[in-house]
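Below: one structure, written as structure tokens.
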Amino acid sequence: METPIMPTNKIGMSYYGKESQFQNPVGITSGIPSGSSLSSNRHAPWLSPPFDISAKFNKGEISYAALKEIYRQLVAIDLEQFRCTIDALFDRFGNGIVLLGCQKNPSKCHRSILAEFINEHTEHQAVEVSEQHQLIEVDYAQIIADNPL
């Protein structure tokens, strides 16, 4: 029997409301929301947009397009540093990390912008997940073929 593989380049993206579903969550917001059980040492606030920009977006004072442009410009200032930061997350937290934003809907959260940027500018693959097993590569078809009824 083959052991499932936890890919070394895959990053999960989700939100704090699902944090208990993950073995390796890391917050990417300016602060840890009340009600979260995430410890402060599992928090990477430098991957959050500036607090005032997030607040304006959450109040409906700026569009998602504006949030996206501001955030992408800030992250793009130093692409090499950005790549090193993402690699450092793996060095610090290991494989199977899931980066957590605040909003349930990824299209209303900066994590979807961050995921795009990770996919465009690093060797890692960021994917929206709702459970830890979505980060594990298991060849279900082969297992089923090897174990007929």
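Which pairs have Cβ atoms under 9 Å, sit 6 or more apart or on different chains, and link a residue in segment 84-111 that is at positive phi to one that is assigned to a helix (DSSP H, G or I)?
What qualifies is G96/Q132; G96/L135.
Given the criteria part of a loop (DSSP other than H, G, I, E, B), under 15 Å from the mean Cα position of the chain (by Cα) and either surrounded by fewer than 17 Cβ atoms within 10 Å (Cβ to Cβ) or not aliphatic (A, V, I, L, M) (or both), does T29 qualify?
yes
Look at segment 107-119 and say how many of its residues are polar (S, T, N, Q) and either at pLDDT below 95 or not in a helix (DSSP H, G or I) (or both).
Our first condition is that a residue be polar (S, T, N, Q); within segment 107-119, this holds for 107, 112, 119.
Those still in the list that are either at pLDDT below 95 or not in a helix (DSSP H, G or I) (or both) too: 107.
Qualifying residue count, segment 107-119: 1.
Quick check on this structure: which one of R72, R83, R42 is surrounded by 11 or more Cβ atoms within 10 Å (Cβ to Cβ), closer than 27 Å to L135 by Cα and in contact with a Pro (Cβ under 7 Å, 6 or more places away or on another chain)? Lay out the reasoning, then the answer.
Numbers: R72 fails: in contact with a Pro (Cβ under 7 Å, 6 or more places away or on another chain); R83 fails: in contact with a Pro (Cβ under 7 Å, 6 or more places away or on another chain).
Being surrounded by 11 or more Cβ atoms within 10 Å (Cβ to Cβ), closer than 27 Å to L135 by Cα and in contact with a Pro (Cβ under 7 Å, 6 or more places away or on another chain) holds for just one of R72, R83, R42, which is R42.
For residues that are in contact with a Phe, Trp or Tyr (Cβ under 9 Å, 6 or more places away or on another chain) and on the phi > 0 side of the Ramachandran plot, tally how many sit in segment 10-62.
Final tally of qualifying residues: 1.
Considering only residues of segment 53-68 that are more than 19 Å from the chain's Cα centre (by Cα) and in a helix (DSSP H, G or I), which is surrounded by the most Cβ atoms within 10 Å (Cβ to Cβ)?
If we take residues in segment 53-68 being more than 19 Å from the chain's Cα centre (by Cα) and in a helix (DSSP H, G or I), then F57 is surrounded by the most Cβ atoms within 10 Å (Cβ to Cβ).
Please find, within segment 116-136, the residue that is surrounded by the fewest Cβ atoms within 10 Å (Cβ to Cβ) out of those that are among the aliphatic types (A, V, I, L, M), touching a helix residue (DSSP H, G or I) at 6+ places or on another chain (Cβ under 8 Å) and more than 10 Å from S14 (Cα to Cα).
A126
Yes or no: F90 under 21 Å from E19 (Cα atoms), of a type in the set (F, W, Y) and more than 11 Å from the chain's Cα centre (by Cα)?
Spelling it out, F90 is indeed under 21 Å from E19 (Cα atoms), of a type in the set (F, W, Y) and more than 11 Å from the chain's Cα centre (by Cα).
Just one of the numbered conditions (1) assigned to a helix (DSSP H, G or I); (2) touching a residue at least 24 places away in the same chain (Cβ under 8 Å) is not true of E123; which one?
Exception for E123: condition (1).
Here's a check for you: in segment 86-106, which residue that is in contact with a helix residue (DSSP H, G or I) (Cβ under 7 Å, 6 or more places away or on another chain) and not in a loop (DSSP other than H, G, I, E, B) is surrounded by the fewest Cβ atoms within 10 Å (Cβ to Cβ)? Don't jump to the end; show me each part of the working.
Taking segment 86-106 first, the residues in contact with a helix residue (DSSP H, G or I) (Cβ under 7 Å, 6 or more places away or on another chain) are 86, 96-97, 99-102, 104, 106.
Filter once more, so that each one left must be not in a loop (DSSP other than H, G, I, E, B): 86, 99-101, 106.
Working: I86: 22, L99: 25, L100: 28, G101: 25, P106: 16.
Checked segment 86-106; the qualifying residue surrounded by the fewest Cβ atoms within 10 Å (Cβ to Cβ) is P106.
In a helix (DSSP H, G or I) and modelled with pLDDT under 95: does that describe S34? So that I can check it myself, show each step before the final result.
Details: in a helix (DSSP H, G or I): no; modelled with pLDDT under 95: yes.
It is false that S34 is in a helix (DSSP H, G or I) and modelled with pLDDT under 95.
The values are calculated or read from the model by the stated rules, or taken from the named source; none is laboratory data. It should be emphasised that the depicted structure is a prediction, and the values quoted were computed from it without experimental measurement. When we count neighbours, we look across all protein chains shown, and the Cβ atoms used for this are built from the backbone with ideal geometry, even at glycine.
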